[in-house]
1. Looking at I43, I38, can you tell me which residue is β-branched (V, I, T), open to solvent by less than 70 Å² (accessible area, probe 1.4 Å), more than 21 Å from E111 (Cα to Cα) and at pLDDT 95 or above?
2. Checking Q239 against (1) of a type in the set (S, T, N, Q); (2) under 21 Å from V51 (Cβ atoms); (3) within 17 Å of the chain's Cα centre (by Cα), which single condition isn't satisfied?
3. Of everything in region 83-138 that's of a type in the set (G, A, S) and at pLDDT 95 or above, which residue is nearest to P201 (Cα to Cα)?
4. Taking only region 264-280 into account, find how many residues are at pLDDT 95 or above and open to solvent by 40 Å² or more (accessible area, probe 1.4 Å).
5. If you go through region 433-456, how many residues are assigned to a helix (DSSP H, G or I), open to solvent by 70 Å² or more (accessible area, probe 1.4 Å) and not aromatic (F, W, Y)?
6. Being open to solvent by 50 Å² or more (accessible area, probe 1.4 Å) and in contact (Cβ under 8 Å) with a residue 60 or more places away in the chain is the filter here, so list the residues in region 187-220 that pass it.
7. Can you tell me which of R371, R348, R309 is without any contact (Cβ under 8 Å) to a residue 60 or more places away in the chain, out of contact with any Ser or Thr (no Cβ under 6 Å at 6 or more places or on another chain) and open to solvent by 20 Å² or more (accessible area, probe 1.4 Å)?
8. Checking G396 against (1) part of a helix (DSSP H, G or I); (2) more than 25 Å from the chain's Cα centre (by Cα): exactly one of these is not met. Which one?
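The values are calculated or read from the model by the stated rules, or taken from the named source; none is laboratory data. Values in this document were obtained by computation on a predicted structure and should not be read as measured data. Ideal geometry is used to build each Cβ from the backbone, glycine not excepted, and the neighbour counts take in all protein chains shown. Each accessible area value is taken on the protein alone, full model and side chains, heavy atoms only, with ligands, DNA and RNA left out. Shrake-Rupley method; radii C 1.70, N 1.55, O 1.52, S 1.80 Å.
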Amino acid sequence: MNNDQNTWLHIGLGSFHRAHQAWYLHRLIAGGDRRWHIAAGNIRNDAEQVVQALAAQDGRYVLETVSPDGEREYEEITSIQTLLPWQPDLQPLIEEGARPQTKVIAFTVTEGGYYLNTRHKLDVENADLAADLNGDCKTIYGAITKILEQRMVQNAGPLTLLSCDNVRHNGDRFHDGLTEFLQLTGKSAVSDWLAANASCPNTMVDRITPRPAADLPARIKAQTGIDDQAPVMGESFIQWVVEDNFRAGCPDLAAVGVELVESVIPYEEAKIRILNASHSCIAWAGTLLGQQYIHESTLTAAVYAIADRYVTQDVIPSLGDNGIDLPTYRDVVLKRFTNPHIQDTNQRVAADGFSKIPAMIAPTLQECYQRGARPEATAMLPALFFVFMERWHQGGLPYDYQDGILNAPAVHAMFESDDPIAAYAQDSALFGELTQRADFVALLREKIAAVYALIN
């Protein structure tokens, strides 16, 4: 690594980062612009085998992309040039973040990794967050706080903190969560430094990136001759929209197709409601029908109709004329979901429902009621999740359900109560002010009955 280079530190070295942000920075390097490179590591110790495999390959790996028509392309990605091994105190990550050369710290920690309740305040009951409030670094807030403290000591200068997760207003939400974390820990000096020296732009990221299939290394070896122990695959479609508010410079992202805009809001609303919510809806429905893959569930007429109706009847009227051709976007998204070559699993997409309902689905429910419409089509989504979690409660899911904020005892207790649907409809963490509406409970009962009819 060259010391005149600027560093883009990425926290959350998963498949998505390697198929998305790392690809864009690689395109710059491949085009001769070597002013930036990526350093990457993790807050959690659950992907160290990938970090070690990448370290053995000097950070290089092959990205396979595949179009809905089955056209495959292969590219060796070279932008990750520093790999930071995990250790409990995150010292390698903190030291890298505190270097003056580090001008951007980006992160993909999943929706649940922001630990926010429906009022967008920190969920201080969460065990990891509680540990960090006492000085640990198990969350993005604890890790970034330690990095900022070190930057202050070393006078390392300003930087940009860049969320790359599917969270609405992700930059603002992260900024507010970090500010609240600093207040709760009494770190007013860090808070002042943050206000004077850092920006937190909003972003919208998009590329479907399944967990790499078991046969991927063999396919890459056959096509490229490269023995890759850490390959990644994704769909050919890619998009990245970023609020143009970098505090200490950034790579020439516009040169490689990133959209730098004044406001990300229209893009992220369309993406979160049309793509992310439909994706989860299809995964929950497909799982209940005994299907393994997103494409087979999307190609099931009854499931496709649920997603299509949800977007057409409720989302498009809610978003109004926001400058995006929403019917075309809907059709492109649903077509992407039918890509049989991606082999994206319902298990991957079904994850984190307890974060997704309040963030991605409840706003459309609320807006329908506000304009005097009964959200018939949208209510199918929380109804599907209810039956999906009932199956989980009974031990009947065909896979392990993953959810960063799952409170297993509370969910079991709900299904063992006298009226689980009423208890579900009263969950303000999921539904906010909708819990006050008697007609919402009635609507959920109706749609849960429709889900049983669909799957039986």
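1. The conditions single out I38.
2. Only one criterion is unmet by Q239, namely (2).
3. It comes out as A106.
4. The number of residues fulfilling the criteria is 0.
5. The number of residues fulfilling the criteria is 6.
6. Hits for region 187-220 are R211, P212, R219.
7. After applying the criteria, what remains is R371.
8. Answer for G396: the failing condition is (1).
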